[in-house]
Amino acid sequence: MMENRAIVWWLRIVGLFVVATLLVGGATRITDSGLSITEWKPLLGVIPPLSEKGWEAALELYRQIPEYQLINRGMSLAEFQVIYLWEWAHRLIARTIGLVFFVPFVVFWVRGMLPGWFKPWGILLLALGGLQGAVGWWMVTSGLTERVDVSQYRLAVHLSIACIILALTVWLSERLAGRCGRNIVPRAVRLTGIALPFAILCQIALGALVAGLDAGLASDTWPLMAGALVPDGLLAITPAWLNAFENPLTVQFDHRIVGYAVLALAVAHALLALRAPAGAAAGSPARQATLVLALVAAQAVSGIFVVLHQVPPVLAGTHQVTAAITLWAAVVLAARLGSAPRAVGVEAVPAR
């Protein structure tokens with residue numbers, strides 16, 4: 001809608017910032033930079049060390065944690081500055097998202113530009129943003145005392161919340177633009193389309209477990225793993241359910257299987273959209289379904305190459321950010337799908 005154009009573009013810009021923080025966050029994880037800043041200073045942390053003395057103080061704090069003592073002992077100041085700046089950039093972009101969302105939100109609210117239905121959703125997004133900051137620090141603290149990396153559980157929560165924020169932002173922008181439900185399609189097309197972003201969110205959460213455990217290195221072959229379709233050792237940990245979260249081989253196996261399932265769902269949705277009656281799925285829904293299928297397929301192929309090449313940093317980072325782009329496209333697709341209203345039957349009047 002024309003009157004909501006500024007709000008729609010504001011939300012899209014917020015979404016782009018979320019994708020940016022996912023990109024830099026992925027690079028932070030890949031470069032093992034996430035534990036380089038051992039303090040949480042929401043305001044003062046915006047400014048990095050500006051003198052050699054300040055850098056030495058930051059490095060001294062880093063020297064107190066297990067990652068330095070067991071992995072990076074003897075790291076030079078120049079090497080430390082590289083990992084510090086990756087983590088600082090990640091936190092800076094995250095803080096910027098808060099400002100980019102909060103300031104226009106207040107301005108639009110005060111000027112009466114926000115529809116009444118949107119206000120609770122805006123408050124929810126604001127709360128999720130605050131929660132995300134707290135969860136980010138909760139994640140970092142898991143690697144400051146007894147571990148040399150962050151907890152894969154907390155990493156999965158952190159990444160999942162970021163993607164939920166992205167999905168909500170994209171959906172709200174579509175609704176404000178008046179595009180929700182505009183493509184009338186058969187029920188099967190709509191259901192498979194709506195299922196896609198949820199399936200992709202699940203796959204992204206599993207990807208966080210893979211990253212947290214370095215499970216991408218558990219097997220470097222495809223389509224087989226350790227010489228088999230179902231490799232030995234998937235249930236090596238007791239109790240058995242713990243393997244899904246702490247056994248690197250099992251975590252990579254699960255990520256592969258769910259990836260195949262997401263791809264199969266995208267194929268099914270695209271075929272249903274293409275075969276739908278011309279009046280129901282003419283043009284746009286079929287094209288959007290094909291686009292999402294192409295993104296899901298490209299993501300699957302990039303995941304295979306990540307495994308085959310033993311998780312090269314550039315390819316692994318690309319794999320993460322394209323997952324966010326795929327989620328964005330899937331949410332747009334799902335938001336625009338609508339179903340024809342059912343005919344209302346006429347009740348028979350009982351005889352007297």
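Could we say that residue 138 is more than 18 Å from residue 15 (Cβ to Cβ), aromatic (Phe, Trp, Tyr) and under 23 Å from the mean Cα position of the chain (by Cα) here? Yes, satisfied. Would you confirm, using the coordinates I've provided, whether residue 258 is modelled with pLDDT of 95 or more, of a type in the set (A, V, I, L, M), within 18 Å of the chain's Cα centre (by Cα) and surrounded by 15 or more Cβ atoms within 10 Å (Cβ to Cβ)? Yes. Residues of region 230-266 that are of a type in the set (A, V, I, L, M, F, W, C) and closer than 22 Å to residue 296 by Cα: 251, 253, 257, 258, 261, 262, 263, 264, 265, 266. Elements of the type helices (runs of 4 or more DSSP H) sitting completely within region 1-84 and holding at least 3 residues that are small (Gly, Ala, Ser): these cover 5-30, 52-62.
Screening residue 86 on (1) more than 30 Å from residue 202 (Cα to Cα); (2) crowded, with 17+ Cβ neighbours inside 10 Å shows it passes everything except condition (1). For region 140-157: of the residues being in a helix (DSSP H, G or I) and in contact (Cβ under 8 Å) with a residue 60 or more places away in the chain, which is surrounded by the most Cβ atoms within 10 Å (Cβ to Cβ)? If we take residues in region 140-157 being in a helix (DSSP H, G or I) and in contact (Cβ under 8 Å) with a residue 60 or more places away in the chain, then 155 is surrounded by the most Cβ atoms within 10 Å (Cβ to Cβ). Against the numbered list (1) buried (at least 20 other Cβ atoms within 10 Å of the Cβ); (2) within 28 Å of residue 169 (Cβ to Cβ), residue 5 comes up short only at (1). Taking the numbered list (1) touching a strand residue (DSSP E or B) at 6+ places or on another chain (Cβ under 9 Å); (2) touching a residue at least 40 places away in the same chain (Cβ under 8 Å); (3) surrounded by fewer than 20 Cβ atoms within 10 Å (Cβ to Cβ) in turn, residue 231 passes all entries but (2). Residue count for region 113-129 under the criterion of being closer than 22 Å to residue 157 by Cβ and free of Cβ contacts under 8 Å to residues at least 12 places away in the same chain: the result is 2.
Against the list (1) within 25 Å of the chain's Cα centre (by Cα); (2) modelled with pLDDT under 95, the condition residue 10 fails is (2). Here residue 106 meets each of (1) among the hydrophobic types (A, V, I, L, M, F, W, C); (2) in contact (Cβ under 8 Å) with a residue 12 or more places away in the chain; (3) not in a loop (DSSP other than H, G, I, E, B) with one exception, condition (2). Scanning for something in contact with a Cys (Cβ under 6 Å, 6 or more places away or on another chain) and in a helix (DSSP H, G or I), does region 168-184 turn up at least one residue? The answer is yes; a qualifying residue exists. Only one entry in 277, 285 is closer than 17 Å to residue 187 by Cα, assigned by TED's automatic domain parsing to the domain that holds residue 254 and outside any helix (DSSP H, G or I), namely 277.
The values are calculated or read from the model by the stated rules, or taken from the named source; none is laboratory data. Keep in mind the model is a prediction, meaning the values are calculated, not measured. Cβ coordinates were reconstructed from backbone atoms using ideal geometry, including for glycine residues, and neighbour counts include every protein chain displayed.
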